[in-house]
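The values are calculated or read from the model by the stated rules, or taken from the named source; none is laboratory data. As the structure is a computational prediction, the values presented were derived from the model and not from experiment. Neighbour counts run over all protein chains shown; Cβ positions are idealised from the backbone, glycine included. Note: accessible area is taken over every heavy atom of the protein model, side chains too, but ligands, DNA and RNA are not part of it. Shrake-Rupley method; radii C 1.70, N 1.55, O 1.52, S 1.80 Å.
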Amino acid sequence: MGELQVEKHVKYILAVEKRKDDFESVVMEHLRLNGVYWGLTTLDILGKLDAVDQDEVISWVMQCQHKDDIAGLQNEDGSFSGDMWGEVDTRFSYIAICSLALMRQLDKIDVGNAVKYIVSCKNVDGGFGCTPGAESHAGQIFCCVGALAITGSLHHVDKDLLGWWLCERQVKSGGLNGRPEKLPDVCYSWWVLSSLILIGRVHWIDKEKLAKFILDCQDKEKGGISDRPDDAVDVFHTYFGVAGLSLLEYPGLKPIDPAYALPVSVVNKVILGK
Ligand code: ZN
């Protein structure tokens with residue numbers, strides 16, 4: 001099995017971060033805050049967070065804050081809209097619940113109703129979709145299972161049924177796909193793996209083969225991780241590859257929390273004050 005190219009990935013992330021003003025960054029402006037999360041979390045898992053100017057990052061992130069708050073986006077049926085334009089999706093339920101839990105402000109929303117809405121998106125295959133009746137998808141399953149874990153509501157999940165659906169996502173190469181008949185993709189190392197861990201069924205997949213698939217997706221010369229071997233790398237897949245390896249307990253990586261998608265040390269500090 002190849003090795004994780006830690007130094008090269010750090011160099012790759014720092015180079016992307018410095019490209020703030022080029023054409024691609026301006027066009028992708030709406031994704032830039034996500035990029036900061038993917039980049040910083042990867043560096044932290046690799047134990048290299050000191051490589052960035054933290055004051056500079058914090059002041060940039062604070063510029064993105066609006067006056068309105070998350071709780072105002074909860075709808076009467078318990079669902080959440082993504083923004084003032086009103087699109088409803090269980091992704092937004094997860095983001096609202098995760099963010100408010102990190103700020104210790106879950107009391108600002110109707111948690112019971114939020115859980116009820118997520119449960120209404122459960123399908124007969126044990127998975128979850130973006131709205132009631134929508135097809136099961138691994139990304140959505142992570143959002144729903146993660147939100148249920150954070151709110152102490154995992155008893156709503158049929159763990160054996162969902163565990164089967166999730167472990168069937170592993171293909172011959174060891175990689176995981178997001179839905180039946182789709183190609184494997186490194187980002188599903190996160191969506192599928194974290195869900196399997198949260199429901200206690202991670203031993204149902206071949207973890208060693210999955211780790212090899214992720215390592216095969218590295219650009220061993222310039223750093224970064226791609227969706228599949230030999231594709232172009234990006235920060236999104238670099239984060240999910242490294243986060244997946246952390247869930248697989250790859251040596252030298254900080255452990256990441258499967259529900260909060262943040263290093264365990266951060267979750268302990270923010271939520272438990274430890
Ligand atoms: Zn992907």
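Overview of values
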item	result
Residue check, ASP234 modelled with pLDDT under 95, within 16 Å of the ligand (Cβ to nearest atom) and farther than 30 Å from ASN113 by Cα	yes
The lone exception for GLY223 - which of (1) within 15 Å of the ligand (Cβ to nearest atom); (2) open to solvent by less than 20 Å² (accessible area, probe 1.4 Å); (3) under 15 Å from ILE13 (Cβ atoms) it fails	(1)
Output for the range 62-83, where each listed residue is of a type outside the set (Gly, Ala, Ser) and assigned to a strand (DSSP E or B)	GLN74, PHE80
Checking HIS156 against (1) within 28 Å of GLY241 (Cβ to Cβ); (2) open to solvent by 50 Å² or more (accessible area, probe 1.4 Å), the condition it does not meet	(1)
Residue list for the range 139-180, restricted to those being within 16 Å of the ligand (Cβ to nearest atom) and either at pLDDT below 95 or out of contact with any strand residue (DSSP E or B) (no Cβ under 8 Å at 6 or more places or on another chain) (or both)	GLY139, PHE142, VAL171, SER173, GLY174, GLY175, ASN177, GLY178, ARG179
When residues of the range 246-256 are limited to those that are within 13 Å of the chain's Cα centre (by Cα) and aliphatic (A, V, I, L, M), the one farthest from the ligand (Cβ to nearest atom)	ILE256
Looking only at the range 181-197, and only at residues there that are under 21 Å from LEU161 (Cβ atoms) and surrounded by fewer than 21 Cβ atoms within 10 Å (Cβ to Cβ), the one that is nearest to the ligand (Cβ to nearest atom)	LYS182
The range 226-263, subset out of contact with any Ser or Thr (no Cβ under 9 Å at 6 or more places or on another chain) and over 25 Å from GLY178 (Cα atoms), residue least open to solvent (accessible area, probe 1.4 Å)	GLY252
Test: residue in the range 149-169 that is in a helix (DSSP H, G or I) and hydroxyl-bearing (Ser, Thr, Tyr)	no
Residue under evaluation ALA259, criteria (1) under 18 Å from the mean Cα position of the chain (by Cα); (2) modelled with pLDDT of 95 or more; (3) farther than 24 Å from LEU43 by Cβ; (4) not in a helix (DSSP H, G or I), criterion not met	(3)
Cβ-Cβ under 7 Å pairs, at least 6 apart or on other chains, the range 243-263 side under 20 Å from ILE199 (Cβ atoms) and without any contact (Cβ under 8 Å) to a residue 40 or more places away in the chain, far side open to solvent by 30 Å² or more (accessible area, probe 1.4 Å) and outside any loop (DSSP other than H, G, I, E, B)	PRO255/VAL264; ASP257/VAL264
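Residues checked against (1) more than 19 Å from VAL6 (Cα to Cα); (2) out of contact with any helix residue (DSSP H, G or I) (no Cβ under 7 Å at 6 or more places or on another chain):
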position: CYS187; (1), (2): no, no
position: TRP191; (1), (2): yes, no
position: LEU198; (1), (2): yes, no
position: LYS209; (1), (2): yes, yes
position: ILE214; (1), (2): no, no
position: CYS217; (1), (2): no, no
position: GLY244; (1), (2): no, no
position: GLU249; (1), (2): no, yes
position: ILE271; (1), (2): yes, no
